[in-house]
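The values are calculated or read from the model by the stated rules, or taken from the named source; none is laboratory data. What you see is a predicted model, and the numbers here were worked out from it, not measured in a lab. All Cβ positions, even for glycine, are placed from backbone atoms using ideal geometry, and neighbour counts span all protein chains on display. The protein model used for the area step is the full one, side chains on, heavy atoms only, and it has no ligands, DNA or RNA in it. Shrake-Rupley method; radii C 1.70, N 1.55, O 1.52, S 1.80 Å.
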Amino acid sequence: MTKIHLLTVGLIVAASLSLILPMQVWAGVTNKDELRVLVKLRDWKGETAGWQKGVLGAREVRLISRRKPRDYVAAGKRKIAGDLRRWRVVTVPSGELSSVLEELKKDKIVTEVRVEQIYREAMVPNDPYFNQQYGLLNTSQSQADINAVLAWDKTTGLASTVIAIVDGGVDLTHEDLQHKIWLNSREAQGNGKDDDGNGFVDDVAGWDFVENKPAGYANTHATHVAGIAAAEGNNGIGVAGVDWQARVMSVRVLNRYGLGREADIAAGIDYATANGAKVINLSIAGGRSQIIEEAIENAYAAGVVVVAAAGNQGGDTGLLNLAPVCSEPVGINMVLGVGAIDEDGEPASFSNFGRCVDIAAPGKRIISTVLGNRYRSMSGTSMSAPLAAGVAGLYLASHPGAGPMEVIAAIKNGGLFTGEKASLWNERYKGYLDAAKVLGVAGVETPMVSPVPTSVPGVSGGVFKLGLIRQGALETAPGNEVNYQVRVENMGMGVASGVIIKDSFDRDLRLVAEKSSGSCRVSRRDVICEMGELAGGESRQIDLVYQVDALARCRARIINRAEVYAQEQGLSRRQAVSERTETRVICK
Ligand SMILES: [Ca+2]
Ligand SMILES: [Ca+2]
Ligand SMILES: [Ca+2]
Ligand SMILES: [Ca+2]
């Protein structure tokens with residue numbers, strides 16, 4: 001009895017601390033004695049049903065978005081959009097917090113209510129310091145760079161690509177960015193009217209969600225991040241961004257101290273999505289947030305590539321459960337998570353790693369644009385993410401119409417680690433960002449195990465769809481081992497049951513090892529794995545290691561074919577998708 005009582009008291013104390021802490025953090029840096037409460041309503045009509053008047057009186061209530069879920073879903077894309085219209089932000093004087101929370105909790109229209117979380121920029125500050133852009137081209141022995149120079153042979157980007165920097169506000173007048181700024185051509189400047197009817201008055205170059213006004217306020221962090229992704233290239237000034245042509249949309253969600261509020265970040269992602277961004281860079285990190293996840297799901301459904309910094313705690317992203325890098329609630333890889341490496345190609349000590357990291361890119365002492373037409377070096381996964389955002393821009397320029405699934409898979413598959421470090425690093429950081437490999441530029445050295453990204457959109461069923469992603473070697477030599485990963489993803493809402501992955505291997509291959517969560521057996525030259533059920537959005541993978549016959553003919557083509565079978569639960573018709581890869585045997 002006593003134990004239970006103590007436990008209850010402990011919980012109450014913990015709960016009230018977590019409510020008060022965000023306010024103190026925020027108030028301490030802004031001198032505002034008010035804080036904001038996030039409210040989720042049972043349906044988007046809550047407001048018209050009079051909940052606001054009855055419960056909140058004259059308090060300021062803000063909407064996050066007026067867009068319907070279907071507004072996000074591009075033709076042919078699956079529908080996973082959240083409904084941001086159900087969320088409200090209520091501004092409350094700190095003294096009235098508990099009474100307002102109590103009132104709101106009693107309201108039947110309210111399904112969730114809590115104090116808004118605070119996010120911070122994912123940067124490791126250092127002293128002003130000029131340096132070379134080794135991240136783009138590193139001539140030292142380590143050659144730890146993203147191979148940008150080779151990639152630029154293929155494309156330097158397109159002006160029609162818009163990269164949104166959802167951050168602290170980009171300097172729109174910086175000499176190396178001023179010609180790269182996205183302009184809202186349908187909005188007339190300074191006439192006090194919302195000419196394009198997007199809900200934002202005079203948003204000619206983006207929006208400032210911190211101060212609720214047109215973009216204009218700029219800070220160092222956002223300006224630095226913008227320059228890494230897209231400073232004007234080859235103009236004889238300053239630095240080169242990864243994407244020389246893309247336009248930069250400035251969406252401000254962080255205050256002057258680098259802190260951002262949850263709903264502002266969601267609203268910023270939503271603004272970028274609604275106003276034509278193709279890539280959204282989020283060099284910010286904080287705790288998991290449903291509202292941010294909904295905004296990211298909408299962006300993904302609308303075909304936008306979301307890139308996020310891994311964060312700088314030097315810890316495991318999965319355990320830290322960070323947002324936005326881990327904001328993938330339905331198990332689809334919707335966010336390209338980017339960790340940091342240093343000049344030597346070693347993991348940066350500050351960089352988070354693990355499950356939510358998809359790729360690593362240089363993030364230590366990266367030089368880029370800062371306020372006042374200046375340049376300086378800064379460190380952090382904040383600096384790694386925009387390198388990947390720029391590569392996403394280059395990929396979109398050379399693959400028009402590519403969706404986020406394809407772009408993320410291409411970037412991820414372009415950089416798997418090879419050699420001795422592979423097992424540890426692939427688990428922690430997955431690989432180096434390599435722009436040339438992502439773009440498939442000829443002339444790139446071909447390692448023995450070079451993954452081939454082959455992704456098949458899958459066949460359409462009732463409510464569920466299967467997707468299959470294969471990876472395997474491009475080239476190998478007799479006697480070598482080759483690795484294949486076969487990954488199946490249920491891209492629909494329905495449950496896929498009786499999921500079987502079958503990998504049929506060439507007569508020149510011998511199975512050495514197999515790893516999967518399912519139960520596998522080998523029958524002649526087929527590996528057949530029963531994977532059980534897959535809920536909507538879930539995925540499973542098998543890893544296969546084969547050895548090439550030592551007597552395999554030189555120049556032989558080794559064919560490997562993967563198939564997935566499944567059926568929608570409750571229905572009899574089974575579906576299948578298949579994918580084939582080819583490996584050339586090269587003799588030295
Ligand atoms: Ca407008
Ligand atoms: Ca206007
Ligand atoms: Ca430049
Ligand atoms: Ca991810």
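Below are the figures for this structure:
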| quantity | calculated |
| --- | --- |
| Near pairs, Cβ below 8 angstrom, 6+ apart or cross-chain, from segment 142-155 (in the same structural domain as Ile228 (by TED's automatic domain parsing) and over 14 Å from Ala229 (Cα atoms)) to any residue that is at pLDDT 80 or above and among the basic types (Lys, Arg) | Asn147/Lys437 |
| Residue list for segment 381-403, filter: surrounded by fewer than 24 Cβ atoms within 10 Å (Cβ to Cβ) and part of a helix (DSSP H, G or I) | Ala397, Ser398 |
| Residues of segment 316-335 satisfying the condition of being within 10 Å of ligand 4 (Cβ to nearest atom) and among the acidic types (Asp, Glu) | Glu328 |
| From the options Val449, Val456, Val482, Val527, residue that is more than 30 Å from Thr155 (Cβ to Cβ) and modelled with pLDDT under 85 | Val482 |
| Single condition Tyr257 does not satisfy, out of (1) within 16 Å of ligand 2 (Cβ to nearest atom); (2) over 20 Å from Val162 (Cα atoms); (3) among the aromatic types (Phe, Trp, Tyr) | (1) |
| Subset of segment 148-161 that is touching a Gly at 6+ places or on another chain (Cβ under 9 Å) and surrounded by 22 or more Cβ atoms within 10 Å (Cβ to Cβ) - its residue that is farthest from Pro386 (Cα to Cα) | Trp152 |
| Segment 311-352, subset in a loop (DSSP other than H, G, I, E, B) and of a type in the set (Val, Ile, Thr), residue surrounded by the most Cβ atoms within 10 Å (Cβ to Cβ) | Val325 |
| Residue list for segment 173-205, filter: closer than 30 Å to Gly236 by Cβ and either in a strand (DSSP E or B) or more than 16 Å from ligand 3 (Cβ to nearest atom) (or both) | Ile181, Trp182, Leu183, Asn184, Ser185, Gln189, Val204, Ala205 |
| Per-region count, segment 353-380, residues assigned to a loop (DSSP other than H, G, I, E, B), of a type in the set (Gly, Ala, Ser) and within 13 Å of Gly311 (Cα to Cα) | 3 |
| Tabulated pairs, segment 168-190, first more than 22 Å from Gly260 (Cα to Cα) and of a type in the set (Gly, Ala, Ser), second within 16 Å of ligand 2 (Cβ to nearest atom) and in a loop (DSSP other than H, G, I, E, B), C-beta under 8 angstrom, 6+ apart or interchain | Ala188/Asp195; Ala188/Asp202; Ala188/Val204; Gly190/Asp202 |
| Any chance Ile181 is surrounded by fewer than 22 Cβ atoms within 10 Å (Cβ to Cβ), more than 11 Å from ligand 1 (Cβ to nearest atom) and closer than 16 Å to Gly393 by Cβ | yes |
| Any hit, segment 219-228, residues being within 16 Å of ligand 3 (Cβ to nearest atom), part of a helix (DSSP H, G or I) and loosely packed, with under 15 Cβ neighbours inside 10 Å | no |
| Hey, Gly536 on the phi > 0 side of the Ramachandran plot, crowded, with 18+ Cβ neighbours inside 10 Å and modelled with pLDDT under 80 or not | no |
| Of the criteria (1) surrounded by 24 or more Cβ atoms within 10 Å (Cβ to Cβ); (2) assigned to a loop (DSSP other than H, G, I, E, B), which one Ala266 fails | (2) |
| Filter result for the condition that a residue is open to solvent by 50 Å² or more (accessible area, probe 1.4 Å) and within 13 Å of ligand 2 (Cβ to nearest atom), over Gly199, Gly236 | Gly199 |
| Every residue from segment 375-413 that is aromatic (Phe, Trp, Tyr) and at pLDDT below 95 | Tyr375 |
